Amino acid sequence: MAVVQLEISRRAPYASGKSFGNVGTYEQIDGTVHYAVDPLHSANDGIVDLDLAPRDSSGKVWFSSDFTLLKPERIENGNGSVLFDVVNRGRKTVMGRFNDTGKPTMPSDPLDSGNGFLMRHGYSVLFGGWQADVPRGVGLIGLQAPEAIDADGKPISGRIMCQFQATHFTQFFLLADRQHAPHPAIDENEAEASLTVRDHPNSPAEPIARDKWRFMRFEDASVEPDPCHIFMEEGFEPGRIYQLVYTTRGSRIVGLGFAAMRDIVSFLKNASAEQGNPCAGGIQRAHAFGASQSGRFLREYIHTGLNTDEEGNMALDGIISHVAGGMRGEFNLRFGQPSKDVCYIIPKLFPFADTEQSDPVTGDSGSLLERLHERGHMPRIMFTNTSAEYWRGDAALIHTNFADMSDAPEESDYVRRYHFAGSPHGSANSFPPLGTREDGMRGQLPFNIIDYNPLLRASLENLDNWVRGVPAPASRHPRISDGTAVESHTLAPKFLSIPGVAFPEKVTRAMRLDYGPDAKNGRTTTLPPIAGEEFPALVANVDDDCNEIGGIRLPDLTVPVATYTGWNLRHPDIGAPGLVIGITGGLAGWVLPFPATPTQRATSGDPRAAISERYSSKDDYVAQTKKAAQTLANERYMLEEDIETSMQKAVVRYEYFAANGSR
């Protein structure tokens, strides 16, 4: 078994011994998982550079990862399923998503039990490290992976590309995506290193002269050479997109993150108590949830087909890849930077769909699932997306035949595709709407406030039941055939008819990128890549209120008091006001309430009907909202237990918007 030791550093009651319904109390276990995998085993085929990893005397490759496990004290009281949280950049996420603890990705306490949903339903929850460049010692969960070495036993070297975009003027950037472990420059005076800048991801890049920038940092009131930072005296302009290509040494084998997830869930399902399994005999099913970066990790895991362990056991039974769109990422790449998160620089985008897909430009064909089909052990998979990933330009590619611009064939028997209409990238939890986020990102309009966590809770329950034999609800997403999917640029006239709304100067699209002939094997040799033709950018069509009509529509959209989108333009104060927020991460949407009264509507010239014209009273609005929520519950896209909370939020929403409206 690849898990050789579950080293436990702490074991204590969870949530101060709180009891969760019939399941009872939970315990929290923290520690380190130690692994040893066989680089020659067929189960590990496809992990890039695993053949270059250092080996022990028996030929095994060792690595480790951090973990936190929440499990029922009496494991037999659980539901038999463990939910693996594909932590986002080392941060625990599923409590915020499913237990409503606050901000989904950065709650004040990432283990707050919140509404107790996961515990009340009996899930064990495993937070496991998979990302090899996460900094240690800062409360994050990461992977400790070996570096690839050459024939002389030295770290390999090669070319790498970093991308930067600032929200304020700065002269420095760390050579890493986010603030992760950087890839240092070999030669601080490298003449062949290049820096370019552009104003839009689909626009050509302009070179910046080599003497304008250096590998340096600011330390003790002076600038000094540093192989891990880039410095430009004139500064990096807010909003502009910079790409740096240089030579580095040292490549962590990031693809071992797949083995880390696969082998720990397989251990919890199959290992005995004598082997150190704290869940022995209590886990029959394993599901993984990943959002955004972590959802893209799951799409790459699916494409790589590594769902069978070295003993021939199936690892994951169910997968929810959330807000990943059609992207994957640098999760199995030499010099990989797993946090890179935009479809304008990610290698290996194609294929996007779970069914056979052809690219008329390159002549390529394939399916995201083909390696899983070849190896067997197919999990049940849900691809869930919001308006934000469609407006980024790539989400619709998972269900589009762009060879003739038709809908892709019906999904695989193992797949469901769900679009959470009108929703932002991250489920909202604040009210009233705000115009600036904690990270300093500022939009031209207040940020979208839709809370779609009820749809995620229903998705997880549907997934667990699907694995047990009860089919999940039908896919629901925009379609070309019924007019609910359209090219994003065609919606400009509708949005521009609303006072105070600006539309992107140029819509964003995923691009075909040529990273060289070895890119399919996880090695990029052409940097920067050669940009080819753009892919089509389809989004959900909108109604007269500019609310989306394709996908699963929450009561926010079916019984509306505002317009909700998945896109928001950058505020002029942070630069590039013609760009959608999220070109380099942090996707955001906007909300704009309807006029409160006909007088307000006439004064502003707003074409949307006033709130008082739509509903006779607050009671009328709440009654219609309850009916809409009940319909979703009947269709199994929402749980009955979430209807009451939906009503409470509807009251708050109505009272605020009816009193303020758009002015």
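Nothing in this text is a laboratory measurement; each read-out follows from the coordinates by a stated rule. As the structure is a computational prediction, the values presented were derived from the model and not from experiment. Glycine also receives a Cβ, built like all others from the backbone with ideal geometry; neighbour counts cover every protein chain displayed.
Among F350, F594, the order by Cβ neighbours within 10 angstrom, fewest to most, reads F350, F594. If you count the DSSP beta bridges with both ends in the chain, what percent of them are antiparallel, to the nearest 5? The answer is about 75 percent antiparallel.
For segment 399-445, build the charge dipole from Cβ charges (+1 Lys, Arg; -1 Asp, Glu) around the Cα centre, then report which of S423, Q444, S406 sits farthest towards its positive end. The residue sitting farthest along the positive end of the dipole is Q444.
In this structure the amide hydrogen of S475, modeled in the peptide plane, comes within under 5 Å of the amide hydrogens of R417, none closer than 5 places in sequence on its chain.
Towards the positive end of the charge dipole of segment 213-316, with charges on Cβ (+1 Lys, Arg; -1 Asp, Glu), say which of F297, F236, V223 has the farthest Cα. Among F297, F236, V223, the one farthest towards the positive end of the dipole of segment 213-316 is F297.
Counting only the backbone N, which residues of segment 152-167 are under 20 Å from the spot 7 Å out from the Cα of R55 toward its beta-carbon? Correct set: 152-156.
Annotation: amide H-H contacts under 5 Å for M216 (H modelled 1.01 Å from N, sequence separation of 5 or more, or interchain): D226, H229, I230, F231.
Only the Cβ atoms of Lys and Arg (+1) and of Asp and Glu (-1) were treated as charged; on that basis the dipole of segment 157-249 about its Cα centre amounts to roughly 360 debye.
Where does each of V561, V94, V486 land when they are ranked from fewest to most other beta-carbon atoms within 10 angstrom?
Values: V561 24, V94 29, V486 18.
The most exposed by this proxy come first: V486, V561, V94.
Per-residue ellipticity at 222 nm computed for the chain from its helices equals -5000 deg cm²/dmol, with DSSP H segments shorter than 4 residues left out and the rest contributing -39,500 (n - 2.57). How many angstrom separate the Cα center of segment 3-79 from the Cα center of segment 639-656? That distance is 39 Å. Counting only Cβ charges, +1 for Lys and Arg and -1 for Asp and Glu, the dipole size of the chain around its Cα centre is about 1140 debye. Kirkwood hydrodynamic radius of segment 245-302, from the reciprocal of the average inverse Cα-Cα distance over all distinct pairs: 13.7 Å. Cross-link partners for K506 among the lysines, with Cα-Cα distance under 25 Å and sequence neighbours closer than 8 places in the same chain left out: K340, K348, K494.
Two numbers describe the Cα atoms of segment 157-249: Rg and Dmax, which are 12.5, 39 Å. Think of the chain as a dipole: +1 on every Lys or Arg Cβ, -1 on every Asp or Glu Cβ, centred on the Cα centre; then among G114, Q163, F657, F657 lies furthest on the positive end.
Working note: Karplus 6.51/-1.76/1.60 with θ = phi - 60° gives segment 78-83 the couplings x, 8, x, 10, 10, 9 Hz, where Gly and Pro are set to x.
When the Cα atoms of segment 68-207 are aligned to their principal axes, the ranges along those axes come out at 63, 43, 27 Å in descending order. Kirkwood analysis of the Cα pair distances in segment 504-663 returns a hydrodynamic radius of 18.9 Å. Can you compute the modelled spin-label distance between D407 and S497, with each label point 7 Å from Cα toward Cβ, in nm? Taking the simple label geometry, D407 and S497 are separated by 2.6 nm.
With R₀ set to 45 Å, the beta-carbon distance separating R198 from E274 gives a calculated FRET efficiency near 0.15.
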